[in-house]
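Where a number appears in this text, it was derived from the coordinates with a stated rule and is not lab data. Keep in mind that this is a model prediction, so the values were computed, not measured. Note: ideal-geometry Cβ built from the backbone for every residue, glycine included; neighbour counts use all protein chains shown.
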Amino acid sequence: MTIQSRFTGFCQEVRKDIILGWAINASSPQDYVTVSVFIDDQQVAEIKCDQNREDIQKKINFFRNDIGFQFIIPNEFRDGKSHRLSFRFPDNNIISILTKNNPTEGISVYPFQLEEKQSDQVKVLSCMDGWKNGAIHGWVLRQDTSTGKYSGKCQVMVTIDGRHLKTVEANQFRGDVASAVNADARCGFAVVVPRALRKRVRSVFRVYVMPEQIELLGSPYETTLIDDLLEQQLLVLNNQIDFLYKEMTALRTQFKRLVSGSDYVINEYGTWAKKYYFLLPKRLEKLHLELEINDIGYQTPLISIICPVYQPAIKFFKEAVGSVLGQTYQNWELILVDDGGKSSEIKKEIKQLVKQDARIKSVTLKTNKGISEATNAGIKKATGEWIAFFDHDDVLVPQALEMMIGSAQLHQAQMLYSDEDKVDDYGAFVEPHFKPDFNYRYLLGLNYICHFVMVKVGAVKKAGQLHSRYDGAQDHDFLLRLTEVIPHQQIYHVPEVLYHWRKTAGSTAETVDNKEYAIRAGVACVQDHLKRIKKSANVSSIKDFTAYQIEWKKAQSDLVTIVIPFKDQVKTTKECIDRLLEYTNYKNYRIILVDNASREAETLIFLEEYSQYDNIEVLPIHEEFNFSRLNNLATQQFESDFYLFLNNDVFVNDPNWLHILVNEALLSKDVGIVGAKLLYPDGRVQHGGVVVGPEVIGDHMNRGLETEEFGYACRSILSQELTAVTAAMMLIKASVFEELNGFNENHLKIAFNDVDLCLRAREAGYKVVFSADCMAVHHESLSRGTDDCPEHEERFSYEKEYMNNSWGRKAIYTCDPAYSPNFVVRPPLFYELSNPEKTEATEK
């Protein structure tokens with residue numbers, strides 16, 4: 001390749017008999033490039049560069065990914081002799097071929113020598129009939145060396161202009177062949193040539209019997225596939241439509257990222273909040289309407305608000321009490337517990353408040369007892385049916401109590417919590433915390449509930465008093481004890497921002513560095529909770545923060561069957577298997593290699609070698625690629641306690657990875673599915689769980705973050721319950737998989753089958769858990785490519801339509817319970833806010 005060439009490209013991967021490369025036209029990037037192939041200085045083929053090479057697209061920042069080509073060395077050069085291979089651009093400049101010895105500059109001519117593939121022991125009868133009715137026809141019979149008889153159903157590979165077109169089984173009925181040679185009639189084949197490949201110029205077809213790669217009689221076959229002018233014109237239009245489709249897809253994605261309409265980035269929360277609070281009264285009206293529709297009489301029980309007081313700034317204390325006095329709900333009592341404070345100004349203020357409003361009561365402790373003892377003193381004095389917890393300098397939204405009590409009645413809850421934000425010294429609203437619906441596994445790693453919390457008094461008494469040994473994390477401990485006495489389905493999340501947490505210097509809201517004891521107390525309260533519920537684990541702080549990693553006791557007994565569908569790609573598949581064998585300390589597992597009609601001789605050698613392992617079995621399936629069906633067939637062949645579905649381009653490197661997944665699944669009987677945290681090869685997050693919704697159906701959370709980056713509310717580093725996880729690495733209890741009848745192989749062959757399975761699992765009452773502690777590298781789309789191309793459009797559109805028709809009316813799909821409706825469901829996740837007016841329609 002000369003510097004002056006307007007074409008750019010390389011042959012950057014050389015195998016024994018296959019060369020992969022790419023090329024673009026720098027001066028006319030919308031045009032496809034056709035490269036010429038020379039062997040021994042004689043042109044043998046022309047190849048259009050239109051194969052998917054997303055890996056190269058990202059490296060060179062090109063707007064298209066269909067820039068690749070593949071060349072298979074013809075059978076006639078497998079003669080044991082030395083040959084010379086080279087490639088040229090349309091302007092006759094040489095394309096560099098990168099090799100191990102020349103990985104950067106490359107060489108202009110690649111010398112090769114291939115052994116003759118034809119074996120004297122393998123005999124075939126065959127014929128390539130040629131082109132008819134839009135397809136390449138022919139037949140092939142293989143001789144059984146022991147009996148001398150010929151049988152059909154052979155695997156044949158068809159190439160066009162040196163690149164692979166399709167591999168099929170020759171199983172069509174050919175009575176003419178059967179009567180002529182007295183052999184099996186199921187020996188014919190017909191391979192349809194896609195319209196996009198039918199060209200006005202002459203094309204060269206070759207057909208080989210696989211895996212020996214014996215070329216059929218009549219091959220190569222050269223023909224012009226288009227004879228009709230109208231068909232030519234239609235194909236030109238079809239190619240233009242394909243190009244426009246890709247362009248529109250790229251532009252649509254860019255438009256969504258750049259133009260968010262009425263949406264806001266999270267740094268504009270203050271502007272968003274003003275609009276949100278203006279609309280909050282309407283949202284309250286909607287809640288009352290739901291109560292009426294459900295024939296639930298609105299009641300006004302007494303709510304006891306417990307507020308320990310210890311030397312707050314008088315200005316902020318007055319604002320806090322004022323926010324209670326300003327509540328739209330009137331049946332409350334505010335219990336102010338003076339925790340031995342020294343401020344005469346605060347004491348005086350408390351006395352005046354008690355005199356001004358009979359609903360305000362006070363308790364005075366002679367000495368400072370700490371937050372737990374002060375809260376306990378307030379609870380003892382409470383006379384309400386509900387207990388609410390409130391800090392002495394925080395602020396309640398005017399509709400807070402009314403929204404909470406109405407939600408409690410509508411959802412028959414014993415405990416409720418709301419969303420919250422922070423208010424700084426200047427009164428600005430910042431740092432919103434939009435929370436998921438109740439998420440027990442997330443709560444073990446972080447007190448994500450925090451404020452505003454309201455609990456039935458009976459449940460408070462069952463949970464017991466707050467313990468001062470957990471001061472700094474006393475609320476986390478108390479919440480965990482409440483989960484031990486309240487059925488989890490009676491813990492309700494009110495998805496409204498009802499509480500402003502004061503952000504002042506020295507407060508926990510400002511920085512945890514000022515309360516290191518809170519970290520120690522947090523570790524202790526989670527550890528003690530797990531002991532009480534008889535779960536053996538070690539708890540530790542993550543990077544000296546009030547977020548906790550839980551290392552469960554290792555399980556060994558349950559059989560895990562790892563199912564890996566693949567087709568050729570020996571290098572990738574081999575690395576996947578080798579890493580499993582090297583980095584899996586879990587003892588009781590086996591690997592099922594689901595061979596989906598591999599055609600390369602190298603694959604047969606690989607399978608023969610690895611089938612010698614005691615815990616590896618090969619399941620050959622010669623069918624059209626259907627991810628759902630391949631996995632279903634594997635589970636029907638092999639019984640197990642767990643199935644782990646794994647892409648062949650996922651590489652593990654932590655010996656405890658399978659222990660982690662199995663132990664998460666064994667945490668409780670209602671855990672059905674566990675997914676892993678998958679990383680791009682550069683260490684950024686590729687999959688951190690899946691957000692579900694009709695706009696995108698399923699989108700990966702936290703994509704693009706660094707491996708150890710906390711993410712929004714620590715959700716990138718903490719295990720948690722989610723609505724869905726990817727089947728690129730998914731563990732499921734075998735009993736659950738059987739109960740759900742496996743993946744939907746009839747309607748979701750390629751896309752969304754994992755989302756659908758997770759939705760059906762949750763609908764059946766099972767939890768889906770994302771494990772942030774189990775990490776592996778995923779070379780995304782290396783196995784299958786992407787759906788963002790015209791040839792997949794029809795199938796992909798059908799699968800999208802099926803998902804929307806199947807799940808569109810169900811709340812679990814229209815509003816993901818693990819993801820706030822206030823966030824936009826599209827990348828970059830957790831950083832764009834929806835229009836508050838829109839979220840009213842999707843409110844849970």
In the structure displayed, which of LYS347/LYS381; LYS355/LYS462; LYS275/LYS355 lie more than 27 Å apart, Cα to Cα?
LYS355/LYS462; LYS275/LYS355
List TRP552, TRP22 from most exposed to least, where exposure is judged by having the fewest other Cβ atoms within 10 Å.
TRP552, TRP22
Estimated inter-spin distance, TYR583 and THR300, nm [label 7 Å along Cα→Cβ]:
6.2 nm
Rounded to the nearest 10, the angle in degrees between the Cα long axis of helix 269-293 and the longest principal axis of the Cα atoms of the chain comes to 80 degrees
What's the exposure ranking of MET454, MET403, MET775, going from fewest to most Cβ atoms within 10 Å?
MET775, MET403, MET454
Net charge around GLY138, counting only other residues with Cβ within less than 12 Å of its Cβ (Lys, Arg = +1; Asp, Glu = -1)?
+1
Additional length obtainable on full extension of the chain from GLU385 to LYS282, 0.36 nm per residue less Cα span:
34.4 nm
Could you list LYS48, LYS456 so that the one with the fewest beta carbons within 10 Å of its beta carbon is first and the one with the most is last?
LYS48, LYS456
Given the pairs LYS422/LYS733; LYS535/LYS749; LYS587/LYS767, which are separated by over 31 angstrom at their Cα positions?
LYS422/LYS733; LYS535/LYS749
Of the candidate values [x] 191; [y] 356; [z] 325, the one computed for volume of the Cα convex hull per residue in Å³ from this structure is [x]
Express in nm, to one decimal, how much length is gained between THR99 and ARG532 on full extension, taking 0.36 nm for each residue of separation and deducting their alpha carbon distance.
149.8 nm
Does anyone have the angle between helix 229-258 and the longest principal axis of the chain? Alpha-carbon axes, 0 to 90°, nearest 10?
20 degrees
P(r) for the range 366-413, please, calculated from all Cα pair distances in 5 Å bins and given in %.
4, 15, 21, 21, 19, 12, 5, 2, 0
For LYS318 and GLN409 in the same chain, what is the full-extension length gain: residue separation times 0.36 nm, less their Cα-Cα distance, in nm?
29.7 nm
Pairwise FRET efficiency - ALA764 versus GLN465, Cβ, R0 = 22 Å, nearest 0.05
0.05
FRET efficiency for TYR680 and GLN42, Cβ-Cβ distance as r, R0 = 45 Å, nearest 0.05?
0.60
Residue-count net charge about ASP670 - beta-carbon cut-off 12 Å; Lys, Arg +1, Asp, Glu -1:
+4
Under a crude label model (7 Å from the Cα following the beta-carbon direction), how far is VAL430 from PHE625 in nanometres?
4.9 nm
What nm value, rounded to one decimal, do you get for the distance between GLU268 and ARG6 when each label is placed 7 Å out toward the C-beta?
4.2 nm
Return, for the Cα atoms of the range 7-113, the radius of gyration and Dmax in Å, separated by a comma.
13.5, 42
Quote the FRET efficiency, to the nearest 0.05, computed for ILE605 versus ILE60 with a Förster distance R0 of 30 Å and r equal to the Cβ-Cβ distance.
0.30
